[in-house]
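The values are calculated or read from the model by the stated rules, or taken from the named source; none is laboratory data. Model, not experiment: these values are computed from the prediction. Note: ideal-geometry Cβ built from the backbone for every residue, glycine included; neighbour counts use all protein chains shown.
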Amino acid sequence: MDAKQFAQALEAMNIRQLALEINYDPAWQQRQKALYAAVPYFEAMMSLDSLDDRYIADSGLSVVLYFLANAQQYRGDKARMIKAELKRRCDVASKKRRAA
């Protein structure tokens, strides 16, 4: 699967599926100890379908934003694409909330 096809596949995935893609990425597995601050948010993402879901007292949006803030050391082509998709979704959700 080339980069364009992978990006299109990411658009169709829910948050849990994106988290599974992260989990299968060797870059995540190799750096998981260095990404200790992102791990709780990653684990929370495993229980979310969308940014509108809730995880205990947090919104799905805040969980993903905290993951992105703490996953700066998660690098590589796949990581960039997944984080870009998560950021795109957060931007859309934030704009919708501001408009409401």
Exercise. Failed condition for Y41, given (1) closer than 18 Å to Q72 by Cβ; (2) at pLDDT below 95, with all others met?
Worked result: (2)
Exercise. Limited to segment 1-19, what total is found for residues that are under 20 Å from R54 (Cα atoms) and hydrophobic (A, V, I, L, M, F, W, C)?
Worked result: 4
Problem set entry | Every residue from segment 27-54 that is among the hydroxyl-bearing types (S, T, Y), closer than 21 Å to R97 by Cβ and out of contact with any Phe, Trp or Tyr (no Cβ under 9 Å at 6 or more places or on another chain) | S50
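From the residues in segment 62-100 that are of a type in the set (K, R) and out of contact with any Leu (no Cβ under 9 Å at 6 or more places or on another chain), which one is surrounded by the fewest Cβ atoms within 10 Å (Cβ to Cβ)?
Here is the first cut: in segment 62-100, the residues of a type in the set (K, R) are 75, 78, 80, 83, 87-89, 95-98.
Retained after the next criterion (residues that are out of contact with any Leu (no Cβ under 9 Å at 6 or more places or on another chain)): 75, 78, 80, 88, 95-96, 98.
Numbers: R75: 13, K78: 19, R80: 13, R88: 12, K95: 10, K96: 12, R98: 7.
My answer is R98.
The rows are residues; the columns are (1) among the β-branched types (V, I, T); (2) touching an Asp or Glu at 6+ places or on another chain (Cβ under 7 Å); (3) buried (at least 16 other Cβ atoms within 10 Å of the Cβ).
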| site | (1), (2), (3) |
| --- | --- |
| A9 | no, no, no |
| A19 | no, no, yes |
| D25 | no, no, yes |
| A37 | no, no, no |
| M45 | no, no, yes |
| G60 | no, yes, yes |
Seminar exercise, completed: Across segment 7-39, the tally of residues that are among the basic types (K, R) and either closer than 11 Å to I82 by Cα or touching a Ser or Thr at 6+ places or on another chain (Cβ under 9 Å) (or both) stands at 1
